[in-house]
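Engineer: Handing you a structure now.
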Amino acid sequence: MKKMGLTTKIFVGMTLGIIFGLIMFKVPAGYVKDKVILDGILAFAGSGFIRLLMMVLVPVVFTSLTCGTASLDDITTLGRIGIKTLAYYMTTTVFAICIALVLALFINPGVGVHAGDIQLATPKISENVPLVDVFLNIIPRNFFDALTTANMLQIIFFAVFTGLAISVAKAKAEWPRKLIEQWNEVFLTMTTMIMAFAPYGVFALTSRTFAMLGYSAMLPLAKYMIAIGIALLIQAIFVYGGMLKVLTKLSYTKFIKNMIPVITVIFSTASSAATLPINLETVQKMGVSKRVASFTIPLGATINMDGTAIMQGVASVFIAQMFNVELSAVSYVTIIITATLASIGTAGIPGSGLIMLTMVLTAVGLPVEGIAMIMGVDRLVDMCRSTINILGDAVCTLIIAKQENEFDEAAFYADNGKMLK
């Protein structure tokens with residue numbers, strides 16, 4: 001186990017949890033099974049892990065979003081390019097989350113699973129709230145009240161606003177900038193430390209789930225993965241392919257061929273940050289000027305997480321259906337807004353996607369215990385999600401470069417074998 005990576009350990013924990021849970025499902029009810037094992041050891045270990053994640057949720061979200069927004073001061077110098085880039089990234093993320101929600105509602109991955117017995121808290125979904133109030137309630141009356149009540153939309157708003165203020169203040173706000181960056185490092189380190197317990201927490205949560213649900217949980221989990229896979233393909237082919245064709249007239253097939261070296265790397269690392277240098281080099285070899293590429297690619301690696309947004313949308317519907325919670329129209333709007341903004345704050349560390357999913361679930365009042373069902377298989381779709389992320393960055397870069405006349409089309413159609421030497 002010591003030689004395994006964290007994701008491998010989590011997968012092993014989930015697998016062993018499923019096996020142990022199915023064995024316990026066949027064991028007759030009794031004091032040892034119900035009180036000692038399920039409601040004692042497993043409940044403590046699983047709930048303890050969830051509490052640790054919730055403990056760092058608010059500070060990680062606030063500091064990450066503030067740091068990310070404060071670092072976007074290049075937008076003031078690049079002007080029009082910066083506005084176009086941000087508009088593209090936000091638009092594609094909204095498309096991604098909407099596709100995920102529609103597809104999840106069509107496939108219904110969580111229907112048929114009755115998880116009420118493993119629910120630790122009763123979810124409270126807002127009903128009949130006017131849409132204007134949803135947007136108005138994003139603005140906090142008291143930031144500290146938003147912190148204590150974990151009102152995620154208000155925390156996101158204040159974090160982004162704080163980051164913008166730091167960016168505008170520039171040198172005058174250097175001390176707050178460094179302080180928040182240092183605290184961000186502290187909270188991300190705490191997250192990494194907590195994730196060291198993830199295999200054991202996942203084992204406990206998964207064991208307890210399958211001990212109560214038995215084999216009925218297997219099919220919904222497969223449907224969950226299929227829903228994400230189809231949504232990712234739709235985003236890649238129709239959204240990215242359509243935008244590239246309509247806005248640049250370039251061949252999407254040729255684009256994919258040019259991106260093969262990057263796709264190979266992202267599949268092996270599953271890290272947008274680690275793939276950033278090779279993605280930057282590739283788009284420049286495709287004909288994009290260094291001025292455009294050096295802005296759009298790093299910015300995209302920071303805030304453009306369409307694949308993650310798709311996972312959050314499908315997971316939200318899956319968990320709501322699993323716990324038999326009917327989401328209102330307001331809840332879906334909240335998921336779209338929260339998942340879109342959460343993509344800005346997704347850090348490049350193990351467990352960051354889980355933290356952001358926890359934030360989305362909290363924003364609509366869904367029980368975070370549901371993440372136990374998807375943590376173990378998350379690695380199986382993580383490589384595909386990461387690929388979507390970097391493809392979106394590259395498509396945006398080509399579109400912006402073509403519109404700004406900073407693109408060499410001859411280089412784009414050059415021999416693919418010369419893309420990376």
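The values are calculated or read from the model by the stated rules, or taken from the named source; none is laboratory data. Quick caveat: nothing in here was measured; it's all calculated off a predicted structure. As a convention, Cβ positions derive from the backbone with ideal geometry for all residues, glycine included, and neighbour counts pool all protein chains shown.
The rows are residues; the columns are (1) buried (at least 20 other Cβ atoms within 10 Å of the Cβ); (2) modelled with pLDDT under 80.
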| position | (1), (2) |
| --- | --- |
| 243 | yes, no |
| 248 | yes, no |
| 253 | no, no |
| 266 | yes, yes |
| 274 | no, yes |
| 277 | no, yes |
| 282 | yes, no |
| 286 | yes, no |
| 294 | no, yes |
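Engineer: I'd like the residue in region 22-47 that is over 23 Å from the mean Cα position of the chain (by Cα), under 18 Å from residue 367 (Cα atoms) and among the small types (Gly, Ala, Ser) and, out of all such residues, is surrounded by the fewest Cβ atoms within 10 Å (Cβ to Cβ).
Structural biologist: So the residue we want is 43.
Engineer: Counting only residues that are crowded, with 21+ Cβ neighbours inside 10 Å and among the aliphatic types (A, V, I, L, M), which one in region 108-129 is modelled with the highest pLDDT?
Structural biologist: 113
Engineer: Residues that are within 30 Å of residue 96 (Cα to Cα) and among the aromatic types (Phe, Trp, Tyr): list the helices (runs of 4 or more DSSP H) wholly contained in region 153-237 that include at least 1 such residues. It would help to see each step written out before you state the result.
Structural biologist: On the way: elements: 174-195, 198-213, 218-234.
Those helices (runs of 4 or more DSSP H) span 174-195, 218-234.
Engineer: Would you mind finding the one in 373, 311 that is modelled with pLDDT of 85 or more, crowded, with 24+ Cβ neighbours inside 10 Å, in a helix (DSSP H, G or I) and not aromatic (Phe, Trp, Tyr)?
Structural biologist: Result: 311 is the single residue among 373, 311 that is modelled with pLDDT of 85 or more, crowded, with 24+ Cβ neighbours inside 10 Å, in a helix (DSSP H, G or I) and not aromatic (Phe, Trp, Tyr).
Engineer: When region 162-174 is examined, which residues are found to be exposed (fewer than 13 other Cβ atoms within 10 Å of the Cβ) and under 30 Å from the mean Cα position of the chain (by Cα)?
Structural biologist: Once the filter is applied, which keeps residues that are exposed (fewer than 13 other Cβ atoms within 10 Å of the Cβ) and under 30 Å from the mean Cα position of the chain (by Cα), region 162-174 yields 168, 170, 174.
Engineer: Could you list, in sequence order, all residues of region 60-77 that are within 22 Å of residue 361 (Cα to Cα) and either among the hydroxyl-bearing types (Ser, Thr, Tyr) or at pLDDT 85 or above (or both)?
Structural biologist: 63, 64, 66
Engineer: Output the residue which, of all residues in region 175-210 that are charged (D, E, K, R) and without any contact (Cβ under 8 Å) to a residue 40 or more places away in the chain, is surrounded by the most Cβ atoms within 10 Å (Cβ to Cβ). Spell out the reasoning first.
Structural biologist: Within region 175-210, the subset charged (D, E, K, R) is 177-178, 181, 185, 208.
If we keep only those that are without any contact (Cβ under 8 Å) to a residue 40 or more places away in the chain as well, we get 178, 185.
Working: 178: 10, 185: 12.
Filtering first and then ranking leaves 185.
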